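Only one structure is covered here, and it is reproduced in the block below.
The values are calculated or read from the model by the stated rules, or taken from the named source; none is laboratory data. No experiment lies behind these values; they were computed from the predicted model shown. Cβ placement follows ideal geometry from the backbone for every residue including glycine, while neighbour counts extend to all protein chains displayed. Ligands, DNA and RNA are stripped out before the accessible areas are found, and what is left, the full protein with its side chains, is counted by its heavy atoms. Shrake-Rupley method; radii C 1.70, N 1.55, O 1.52, S 1.80 Å.
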Amino acid sequence: MLMNSIKPISFAYDVINDKTGSLGIVINAANEKAHTLFKNGKITFNQFIPYIQKAITKTKLKSIKNFDDVFCFDEKIRKTL
């Protein structure tokens, strides 16, 4: 359980160091989807971190250049979750 409480800090550092600008989008989309699943009783609270990690692992990051890229990438990610 301790590792799960530390992992979000690791995610934050990863986002800061992400050169593509898209990792934060992946983490945000996965977190929002995990929250919805949790509210609907589909996952437990302890499954948030593994759910987000799985989304990060299966997503190919892309370079974000403008707001249109942000919205298009976010939409693409949410369809795969």
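Condition check: under 12 Å from the mean Cα position of the chain (by Cα), assigned to a helix (DSSP H, G or I) and surrounded by fewer than 17 Cβ atoms within 10 Å (Cβ to Cβ). Does VAL15 satisfy that? Show your work before the answer.
On the way: under 12 Å from the mean Cα position of the chain (by Cα): yes; assigned to a helix (DSSP H, G or I): yes; surrounded by fewer than 17 Cβ atoms within 10 Å (Cβ to Cβ): yes.
Judged against the criteria, VAL15 is a match.
Is it the case that the range 53-70 has a residue that's among the polar types (S, T, N, Q), open to solvent by 50 Å² or more (accessible area, probe 1.4 Å) and touching a Gly at 6+ places or on another chain (Cβ under 9 Å)? Walk me through it before giving the result.
If we filter the range 53-70 for residues that are among the polar types (S, T, N, Q), which is where we start, we get 53, 57, 59, 63, 66.
Now drop any that are not open to solvent by 50 Å² or more (accessible area, probe 1.4 Å), which leaves 53, 57, 63, 66.
Pick out the ones that are also touching a Gly at 6+ places or on another chain (Cβ under 9 Å) and you get 63.
The answer is yes, given that some residue of the range 53-70 is among the polar types (S, T, N, Q), open to solvent by 50 Å² or more (accessible area, probe 1.4 Å) and touching a Gly at 6+ places or on another chain (Cβ under 9 Å).
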Applying the selection to the range 60-76, what residues are assigned to a loop (DSSP other than H, G, I, E, B) and of a type outside the set (S, T, N, Q)?
LYS60, LEU61, LYS62, ILE64, LYS65
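What number of residues in the range 26-52 are over 11 Å from the mean Cα position of the chain (by Cα) and either aliphatic (A, V, I, L, M) or surrounded by 17 or more Cβ atoms within 10 Å (Cβ to Cβ) (or both)? Steps first, please.
Applying the first criterion (over 11 Å from the mean Cα position of the chain (by Cα)) to the range 26-52 yields 35-47.
Within this subset, residues satisfying the condition of being either aliphatic (A, V, I, L, M) or surrounded by 17 or more Cβ atoms within 10 Å (Cβ to Cβ) (or both) are 37, 43.
Matching residues across the range 26-52 total 2.
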Over the range 36-81, the set of residues of a type outside the set (A, V, I, L, M) and within 16 Å of LYS7 (Cβ to Cβ) is THR44, PHE45, ASN46, GLN47, PHE48, PRO50, TYR51, GLN53, LYS54, THR57
